[in-house]
Each structure stands twice: as structure tokens, then as C-alpha cells.
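The values are calculated or read from the model by the stated rules, or taken from the named source; none is laboratory data. Bear in mind the structure is a predicted one, so any value in this text is a computation, not a measurement. Neighbour counts are summed over all protein chains in view; Cβ atoms, including those assigned to glycine, are modelled from backbone coordinates with ideal geometry. Only protein heavy atoms, including side chains, enter the accessible area calculation; ligands, DNA and RNA are left aside. Shrake-Rupley method; radii C 1.70, N 1.55, O 1.52, S 1.80 Å.
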Amino acid sequence: MSEANANSTTTTTSSPAEEPGAWVKLRRTIFPIRGDEAKKFFLISAIKFYIILALTLTRDTKDTLVVTQCGAEAIAFLKIYGVLPAATAFIAFYSRMSDVLSKKTLFYATCIPFFVFFGLFDLFIFSNTQHLHPSLESVQAWLPGEATSGGLAILAKIVANWTSALFYIVAEIYSSVSVGILFWQFANDVVPVDQAKRFYPLFAQVSGLAPVLAGQYVVRYTSKAKDFETSFHRLMSAVVFAGSMICLFYHLCTSYIERTEPQISLGGDGEKKSDKPKKPKMSMSESAQFLASSQYLRLIATLVLGYGLSINFTEIMWKSLVKKQYPNPLDYQRFMGNFSSAVGLATCIVIFFGVQVIRVLGWRIGAVATPTIMAALAAPFFACILMGIDNPGRLKAAVVLGTIQSLLSKTSKYALFDPTTQMAYIPLDKESKVKGKAAIDVLGSRIGKSGGSFIQQGLVFMFGNIISAASVVAVIFYSVLITWFTAANRLSVLFHAQSELNKAEEEDAKKNQ
């Protein structure tokens with residue numbers, strides 16, 4: 001009896017203790033940052049927040065300028081003849097700077113020029129475009145055949161609106177540099193592995209909050225200006241403010257880290273070199289040769305290429321339809337602002353659940369989810385275009401379907417495609433991880449972005465515009481998705497086999513010790 005009473009007493013006294021334990025466990029799952037890490041986390045998060053804020057505002061602005069002035073097809077031309085050579089030149093220049101500048105100086109030297117450009121563009125260039133732009137008629141007269149239709153007409157509009165093309169190129173370079181170089185290079189330097197497991201998923205959530213704010217700033221303030229020039233000034237004021245905040249929080253963060261974690265060096269010549277293997281610089285031919293030697297790496301490259309090509313096809317076609325629906329720049333700007341907010345909000349939600357999808361359903365389901373979603377949602381989008389968009393109702397339906405397809409394609413990429421692709425490198429040996437990722441970054445990013453633009457450029461010359469080529473685009477689009485889906489299935493088999501082999505080798509090594 002006394003034993004029963006003792007058990008009862010034990011149960012009664014331990015019950016209240018279970019509730020705070022469950023609450024603490026839930027808090028640690030949602031926000032696994034310890035008290036002494038909070039200041040560091042929020043300072044680094046603030047840098048990323050303002051980087052993404054500026055990225056969203058400049059991305060929507062460059063699209064508004066180019067699409068409304070030159071047509072969505074101009075994007076394919078600018079990516080090949082403008083962005084690609086400019087990005088190559090920038091990376092070469094950045095590599096030189098990284099050899100002579102300290103990490104902190106390199107950050108400022110990379111970041112500040114972009115925001116100086118955006119500020120000067122607003123003050124001196126955009127307000128004087130009527131004096132800087134040649135007339136479209138004079139450009140068309142200079143080109144063969146008077147360039148009144150097809151690809152030459154697009155080129156004529158780009159030349160006639162060259163300042164908008166320049167803004168587009170610089171904004172594209174910033175979008176590539178800002179997150180990949182400015183943020184992640186800094187984060188990887190100052191966040192140890194044990195912290196990274198807890199910090200990095202939350203950084204992804206921050207990435208989703210910034211577009212929500214940026215989009216609503218556009219919808220509720222800039223797009224309600226009396227004209228597009230005033231709206232543009234409001235946009236660039238916010239972009240320059242975001243750039244100032246990036247530099248401010250970077251200064252506060254580096255000062256705090258140097259004060260509290262002296263083992264992390266961000267100084268100059270005497271800084272401690274990382275023991276991590278450096279990412280090798282590989283040419284296109286060297287990358288191709290290295291990938292040819294491994295089926296596993298070729299399959300990862302196919303996944304990366306698949307996304308780069310497929311998203312390119314549907315996005316330009318969708319933006320072309322949005323321009324037809326909203327020819328006024330302020331209306332187009334308002335629409336894209338709402339879209340950016342939706343992408344940000346959906347990203348926050350989907351990233352949280354996407355981690356659980358991979359954990360519960362496995363790598364294969366996570367890997368094939370993105371091409372499956374894109375294929376299912378693109379079918380009604382293409383069907384609507386092929387039925388004809390001369391009817392206002394069908395045009396509106398095509399815009400809505402394209403918006404849903406683009407929204408879910410982007411969010412599934414962030415939540416499922418990116419994590420599974422990065423996980424695929426884990427079972428590889430050290431050389432394959434380092435060299436393989438470098439090779440895929442070279443081939444995947446360049447061919448994925450430029451390849452789709454080359455194909456679309458050819459279609460514009462053949463059909464006159466991208467909408468008229470919808471049937472051909474649909475065939476190419478689904479061919480790419482089928483190849484991508486097949487590669488993901490094959491890679492799943494190799495991924496699990498290699499993971500099991502590594503696990504067996506680790507167990508054998510433990511037994512032999």
C-alpha cells in the first residue's frame with residue numbers, strides 16, 4: 001500500500017515538471033538559439049534581411065523597366081549579351097580583390113559600389129532618360145530590315161532603352177553576388193558547424209520575411225505615386241537605405257564577434273586561414289571532364305540544369321502575359337510587389353514543412369517533388385495559352401495560372417530542391433565534394449541560365465515572340481522535366497547505396513579500433 005502511495009506521490013510531483021519540459025522542447029524546435037547566441041544570431045540575420053530586401057526591390061524594378069519597355073523576351077537577350085559577360089568580368093575582378101584585401105575590406109568594397117550605382121542612377125540617369133535614349137525609329141533604321149518585328153525588334157528596343165538594360169544587368173549581378181558572396185561567405189566564416197545546424201534553417205525563414213515587407217512597400221507606397229519616375233525614386237531610396245543598413249549591421253556584427261570570439265579572425269594579413277578545403281577554380285572544360293568521370297555527379301548536374309532550364313522557360317512566358325494584362329508600369333509594379341510578398345510568405349511556411357517532408361518521406365520524394373509540381377501546374381498554364389489569349393478572360397486565367405505555377409515552383413525549390421541537392425553531396429569523398437560542387441556550379445549556373453535564354457532567343461527569331469512559340473516551349477519544357485525526374489530517381493538509388501556503404505565502413509572502422 002505504501003509502495004502504491006509512493007508511486008502515486010511520484011506521479012503527482014513529476015507531472016507538473018513535464019509541462020515546462022514539453023514547452024522548452026517545443027521552443028527549442030521552433031527557435032533553437034541559446035541565450036548567449038541570440039545577439040550574434042540577430043545581427044547576422046539583420047544583414048541577410050536587408051540584403052534580401054534590396055534584392056527583392058531591385059529585382060522587381062529591373063523586371064518592371066525591361067518588361068514594360070522592351071518586352072519579356074528582352075530578358076533572354078540581356079542574360080546572354082549583358083549579364084553573362086558582366087558576371088564573368090565581375091568574378092575575375094573579385095578574385096583579384098580577394099587576394100589583396102582583408103575580409104572586412106573586401107565585403108565593403110563589394111557591397112558599397114552597388115548601392116552607389118543605384119543611388120546615382122536614380123539621381124542623374126533615370127530623370128534624364130529622355131535626353132540619353134535614342135529614338136526607337138533611329139535605332140530601327142540603323143538595324144537591317146528596319147527591325148520592326150521578331151528578334152531584331154527586341155534588340156532595337158533594348159538599345160533604345162539602354163539605361164534600363166544597364167540597370168537590369170547591375171541588378172542581376174547584385175542578385176548573384178549579394179546572397180552567395182556577401183552573406184554566405186561571411187556566415188560560413190563566423191558560424192561554427194554546431195551553430196550552423198541551428199542558425200541556418202532560421203536564416204531561411206528570414207529570407208522569406210524580407211520579400212513580404214518589400215512587396216507590401218511596393219504595393220502600398222511606391223506603386224501609388226503620381227507617375228513612375230516618382231515611384232522609382234521611392235524604390236531607390238529604400239534600396240539605398242537597405243544598403244546602409246547592411247553596412248551598419250555588418251560593422252556591428254564583426255565588432256561583436258571580434259570582441260566575444262577572438263578565435264575568429266576577420267582582419268587582414270595576419271588572419272588565420274581556414275582549414276576547410278578551398279573551392280577550386282575550374283574552367284568549363286575542366287568541369288565537364290570531372291563530371292564525365294562520375295555518374296553520381298552527372299546526375300546531380302542534371303538536377304541543377306533541369307531546374308535552371310525549366311524555370312527559365314515558364315518565367316519569361318508568364319512575365320510576357322503579365323505585361324499584356326498590366327501594360328502600365330505602375331500596375332505591373334503593383335502586381336509584382338504582391339507576387340514577391342506571396343513568395344516570401346509561402347517560402348516561410350513551405351520551408352518549415354519541407355524539412356519534415358524530407359525527414360518523414362525520404363530523400364527521393366523530396367527530390368522528385370519539384371519537377372512533379374512544376375509539370376502538374378504548367379499543364380493548365382500551357383493549355384490556356386494554346387487556346388488563345390486574345391480573349392480578356394483567357395488572358396486573365398493564363399496570368400493567374402502562371403502566377404500559381406511560378407509561385408509554387410519557387411517555394412518548392414527553396415523547401416525541397418535546394419536541401420535535397422545539397423544533401424546529395426554528403427556521401428561523397430572529400431575530392432568529389434569539393435571539385436564536384438565547383439564543377440556543377442560552373443556548368444549548372446552558366447548553362448542553366450544561359451542555355452534557356454539561347455533557346456528562347458532562337459524561338460523569338462523564328463516565331464516573332466515567345467507566346468507564339470508556346471507549343472514548342474511546352475515540348476522542350478516537359479522533355480527537360482522528364483529527364484530531371486528520371487535523373488532524380490536514379491540518383492536516389494545511388495544516394496542510399498553510397499550512404500549505406502559509408503555507414504558500413506564507419507562501423508567496421510569502429511570495430512577495428
(message) Can you give me the accessible area per residue for segment 140-274, using a 1.4 Å probe, in Å²?
(response) 46 Å²
(request) Could you sort 295-306, 52-63, 216-227 so that the peptide with the highest average Cβ count within 10 Å comes first and the rest follow in order? (result) 52-63, 295-306, 216-227
(request) Counting only C-alpha contacts under 8 Å and six or more residues apart, can you give the relative contact order of the chain as a whole percent? (result) 25 percent
(request) State which entries of Lys62/Lys319; Lys48/Lys104; Lys62/Lys103 exceed 19 angstrom in Cα-Cα distance in the structure shown. (result) Lys62/Lys103
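Residue separation times 0.36 nm, minus the C-alpha to C-alpha distance between His496 and Ala376: what's the value?
Values: separation 120, 0.36 × 120 = 43.20 nm, distance 2.72 nm.
Length gained, His496 through Ala376: 40.5 nm.
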(request) Rounded to the nearest 10 degrees, what's the angle between the helix 84-100 long axis and the longest principal axis of the chain, both from Cα atoms, 0 to 90? (result) 50 degrees
(request) For segment 184-189, take each phi angle, set θ = phi - 60°, evaluate the Karplus expression 6.51 cos²θ - 1.76 cosθ + 1.60, and give the result in whole Hz per residue in order, putting x for glycine and proline. (result) 5, 5, 5, 4, 5, 6
(request) Could you tell me which label, among [x] 0.93; [y] 1.02; [z] 1.08, carries the value of Cα Rg over 2.2 N^0.38 Å calculated for this structure? (result) [z]
(request) Measure nothing but the geometry: give the 0 to 90° angle between the long axis through the Cα atoms of 363-386 and the longest principal axis through the Cα atoms of the chain, rounded to 10°. (result) 20 degrees
(request) Keeping every protein chain in place, order Asp331, Asp36 by accessible area at 1.4 Å, biggest value first, i.e. largest first. (result) Asp36, Asp331
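What does the extension gain come out to for Glu146 and Ser471, with contour length at 0.36 nm per residue minus their alpha carbon separation? Please report the intermediate quantities before stating the final value.
Working: separation 325, 0.36 × 325 = 117.00 nm, distance 2.83 nm.
Full extension from Glu146 to Ser471 adds 114.2 nm.
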(message) With angles folded into 0 to 90 degrees, how steeply does helix 329-361 sit against the dominant principal axis of the chain? Use alpha carbons for both and round to 10.
(response) 30 degrees
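Ignoring ligands, DNA and RNA, please state the percent of accessible area on segment 442-513 from carbon and sulfur, probe 1.4 Å.
On the way: 2430 of 3960 Å².
Summing carbon and sulfur atoms, their accessible area is 61 percent of the total for segment 442-513.
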(request) Describe numerically, in nm with one decimal, the distance between label points set 7 Å from Cα along Cα→Cβ at Ile404 and at Glu37. (result) 4.0 nm
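With contacts defined as alpha carbon pairs under 8 Å and 6 or more residues apart, what's the relative contact order of segment 297-427 in percent?
Working: 95 pairs, mean separation 50.7, N = 131.
Relative contact order of segment 297-427: 39 percent.
Once the other residues with Cβ under 13 Å from the Cβ of Thr58 are scored (Lys, Arg +1; Asp, Glu -1), what is the net sum?
Values: positive: Arg59, Lys62; negative: Asp60, Asp63, Asp122, Glu172.
Here the charged neighbours net out to -2.
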(message) Calculate the FRET efficiency for Trp162 and Ala225 from the Cβ-Cβ distance with a Förster distance of 30 Å, rounded to the nearest 0.05.
(response) 0.80
(message) Quick check: Cα centre of segment 137-202 to Cα centre of segment 373-417, how many Å?
(response) 24 Å
(message) Using the Karplus curve 6.51 cos²θ - 1.76 cosθ + 1.60 with θ = phi - 60°, what ³J(HN,Hα) values do you get for each residue of segment 482-492, in whole Hz, with x for Gly and Pro?
(response) 5, 4, 4, 4, 4, 5, 5, 5, 5, 5, 4
(request) Run the dipole for the chain about the Cα centre, Lys and Arg Cβ at +1, Asp and Glu Cβ at -1, nothing else charged, and hand back the magnitude in debye, nearest 20. (result) 140 debye
(request) Mind giving me the FRET efficiency for Ile426 and His133? R0 is 56 Å, r the Cβ-Cβ distance, nearest 0.05 is fine. (result) 0.60
(request) Give me the net charge of Ile467's neighbourhood, meaning all other residues with Cβ under 10 Å from the Cβ of Ile467; Lys, Arg count +1, Asp, Glu -1. (result) 0
(request) Give the distance, in whole Å, between the Cα centre of segment 44-111 and the Cα centre of segment 312-343. (result) 21 Å
(message) Among Asn465, Ser499, Ser479, which residue has its Cα furthest toward the positive end of the charge dipole of segment 458-513, with +1 on Lys/Arg Cβ and -1 on Asp/Glu Cβ?
(response) Asn465
(message) Could you derive backbone 3J(HN,Hα) for segment 116-122 from the dihedral phi with the Karplus parameters 6.51, -1.76 and 1.60 (θ = phi - 60°), listing whole Hz in sequence and x where the residue is Gly or Pro?
(response) 5, 4, 4, x, 5, 4, 5
